[in-house]
Structure formats: C-alpha cells, structure tokens
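Values quoted throughout were computed directly from the atomic coordinates according to the rules given, and no laboratory measurement underlies them. Just so it is clear, the structure is predicted and the values come from calculations on it, not from any experiment. Neighbour counts run over all protein chains shown; Cβ positions are idealised from the backbone, glycine included.
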Amino acid sequence: MGNQVSTPFLLKTSIFLSLLFASCYGLYWNGASPLVLPFVGAGVSRVFFEVPLETNISLSFTYTSNLFIIQPMNPFPSFELKDGILVIVYPWKTVMYKMRISTLPPSVEILHTPSLGRGKSGLVIYRVGSSIPCQTWIEDNLGCRYYPYEEKKVWVSLVGWPLTTTRYQLKIVVEDAAQNSVEKLVSYSPLKTTYRVRTIPLAREFAKEQGTEVNLTNLTGDPLKDYNTLMAAFAKQTKVSVFELTYRRSGRGGQMFTNLPFLPLQEFAFSSLFGDERRFVLEGKVMRSSYHYGIDMVAPSNTPVVTPWGGEVKFADYNGASGNTVIIDHGLGMYSVYMHLERIDVRTKMMVRAGQQIGIIGKTGYSTGIHLHLGISIQGRYVDPTDWTNQEWLENHILEPLRRYGK
Ligand SMILES: [Zn+2]
C-alpha cells in the first residue's frame, strides 16, 4: 500500500541553507535512474533540490510510507546536473543529502583472461576506474555470480565452467554508487575437453556393507531394494550441500596459495577421473548414472590425507553419500573437498596449515573401495582437480598471473 504521488516541482539556484549542514548525508546520483531514499512519509511539508544551476528542471517524486523516489521528468540528458543538496523538511526536522552527481560510467580494463572449457577453471583479473565508490562482480549466462577479491582497484576472481553446461559466457559488471553501470564480456581461450563414460559394477553385498555406518537395520536381502534403502538413508544423513557452503568466496584472498601442487596423498593411483559419466550396475541393472565431480585417488588403508595448502576448515563431519567429509576454504573462492575418509583429524572452524594431516583414507559413504575422493570447488562449481595437482598448470594459470598483478 502507501501513497503514490507524482508531483513535478522546480529546481532553482540559490546558496542558502549552509547553516543547516548538521544532518547531512552523502548521496550519489546519475540524474537518470530513479533515486530511492529511505523516508518517513508522514508529515512532510516540503521537498526541494538545491543545485548550482540556472536552468529549471522538473523532477517527479513518488513516495510510499518508507521510500522516497526521485526521477527527472525531462528526457535525460537535456539538462545539466551538478552536485547539490537534496532537502526533505519534516515539521520536526530537516534532513539534507549532499548530492554528488556523476554521469560518467566506471571503466573496466581486463588484465588477464583464462583458458576455459567444460569443467575447467582459471583466473579473471581486471582493473576498475571510478572516482566514486563502486561494486563489481562477474556474472555467467546461467545467472550465477562470482564475487572477486580487490586490492588497489585490481579485482581478481577464480571462475569455473560447470561440467554439464555446453555454452558458457562470462561478463564483468561494475555498478557505481550513482547507479552508472558498465558490462564487459570476458573472452577466454577455449579448451577442448572430453570425458569418459564408465560402467562400475556394484557388489551384491554393497548395501549391507556400506549400510552399517548409517545403521541400516531394515535390509531385506534383495540387493536392489536394499540399495534404494541405503540411498534414502544417505540422503537423510546429508548435513550440508557443498554448493551452499562454497558458492560465495570468503573474505580471504590468495595468501594461502603456495607453489606446491595440490596433492593430498604422497603416492596414489587415479581410478575415476573428473567428468566421468558413471553407470553403477547391480545385478545387471543400471541403478544410478551420475557425473563424477572430483578425482578418485587410490592408496592403501591407513594412508594419511594432508591438506596441501593452508586454510580454514568449513566442514568436518559425516555427510551421507560423501561419508566422512572435510571441506577447506583456501581463499579466493577456492575450496577443497575430501570424501570417504575413515577418520577425520580436524574440526570445523579450525585453521590448518599446508601439509597438515586432516584424516586417513577410507571407504565411508557411497564408495566401492578404499580411496580418497578429492573435489575442488570454485565458488560453488566443481572443477577438474587434475589441473590443480599439476605444478605447471598451477604456475602458468594461477600463480604467475596472481604475482604479476600484485597478489
Ligand atoms: Zn569419487
């Protein structure tokens, strides 16, 4: 509800009111977009806009019980606006806004673009030029945003092309306090990626074996029925969604990044790779088909798992099909995810240092054998961890650009 009033009123030049500057708030406006202010609607006796300008212009204002909206009635830019003062006079007080008019959009200079393909990650680095405060983010064609990290007007963001998205586009958006905005497409070197399709047989006893950790007592002995019972029990025991936990970057920059390849095990063999489309077959029947959002590293039981880089533990607990799971925030929106651990040696909110043991390898959750599942999430998007385990890729695509632009 609320009142909807639209009244043209005049804007004139004068230089009084300098005595009343006590309650003055800073405000930015581009003179074109509606300007919305918090407002106490009742009892307003006068609203006017003082600018050092000879021309009269018409503004319209609309108010509801708590918002006040100003809009120019002349087609922009048929008049020239300069910095001025907006005054709202209530019977009991006068509120003034020192108005800075800015019509110049911010500038964007892209300094580094990534090489990207389905499931791949990289860095976008850009410089923003603006004389007034502004905010910026990177938006993709799926409507998701990446929030970059800033240092001296240089913005850095890791980005990741989701595995199942065929067409991917990124744009930088900058919006200043006066509502001027600019958008710029991010070009990238395209990478061709191919992923495997694999069939994985499940043992007849799969549900019985894995079911003990979720206290499955209602098993029937029918492997197909029991499989579904197990999946339902896993779903019930899922405490966090990795996406929810990782889709925004923390306030942390890239200080924890080191030149050590991201390898949580000393010696291992790869089994499933990132992007594998896996068909799980039980008694000749495909029970489940899913993409693999990490890499599986096989090593003997009791092998310690270390975090290759330091960071903050965001989650350390049993998490349904992921089994015993640890999630670590390394900064810049990059998180590592460790699944199926036999034992967890860290706690949520704990800071860990590079090389610290976080648990031992296992087969908890939806797992057909002892292995470590390593996932890398970039602001909620799982990307291929193989790149992060490769020193050369890490140096060329992440560390060198970060150093070059002073991170
Ligand atoms: Zn896995």
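Taking other Cβ within 10 Å of each residue's Cβ, how do D317, D329 sort, fewest first? Could you put the intermediate results ahead of the total?
On the way: D317 15, D329 22.
Fewest-to-most Cβ neighbours within 10 Å comes out as D317, D329.
Could you please rank I132, I172, placing first whichever residue has the fewest other Cβ atoms within 10 Å of its Cβ? Can you show the working numbers first?
Numbers: I132 14, I172 22.
By the 10 Å Cβ count, ascending: I132, I172.
Pairs over the 22 Å Cα-Cα cut-off, from the set K208/K363; K120/K239; K120/K236; K236/K363; K152/K184: K120/K239; K120/K236. In this structure the amide hydrogen of I200, modeled in the peptide plane, comes within under 5 Å of the amide hydrogens of R279, F280, V281, none closer than 5 places in sequence on its chain. Inter-label distance, T165 to N228: 3.5 nm, where each label sits 7 Å from its Cα along the C-beta direction. For a straight C-alpha distance cut-off of 19 angstrom, the aspartates and glutamates reachable from K225 (same-chain residues fewer than eight places away being disregarded) are E205, E209, E213, E283.
Stretched out fully, how many nm does the piece from T220 to S290 gain, at 0.36 nm a residue minus the Cα gap?
On the way: separation 70, 0.36 × 70 = 25.20 nm, distance 2.57 nm.
Using 0.36 nm per residue and subtracting the Cα-Cα distance, I get 22.6 nm.
If R0 equals 25 Å, the separation of the Cβ atoms of V173 and E244 corresponds to a calculated FRET efficiency of about 0.60.
Residues within the reach of a label modelled at L142 (point 7 angstrom out along Cα to beta-carbon, backbone nitrogen below 19 Å), restricted to segment 336-365, are 336-337. Looking at segment 325-370, which trypsin sites (Lys or Arg not before Pro) are in a loop (DSSP not H, G, I, E or B) and have at most 13 other Cβ atoms within 10 Å? The qualifying sites are R347, K349, R353. Were the residues from L185 through T64 laid out at 0.36 nm apart, the gain over their Cα-Cα distance would be 39.8 nm.
Under a 5 Å amide H cut-off, with hydrogens placed 1.01 Å from N, L111 pairs with I125, Y126, R127 among residues at least 5 apart or on other chains. Calculate I(q)/I(0) for segment 197-401 by the Debye formula, one identical point scatterer on each C-alpha and no solvent, and give its log10 at q = 0.08 Å⁻¹ to two decimals. For segment 197-401 at q = 0.08 Å⁻¹, log10 I(q)/I(0) is -0.27. In a fully extended conformation the segment linking M351 and Q255 would gain 33.2 nm over its present Cα-Cα distance, using 0.36 nm per residue.
If you wrap a convex hull around the C-alpha atoms of segment 107-190 and split its volume per residue, what is the figure in Å³? Mind showing how you got there, number by number?
On the way: hull volume 6.7 nm³, N = 84.
Per residue, the Cα convex hull of segment 107-190 comes to 80 Å³.
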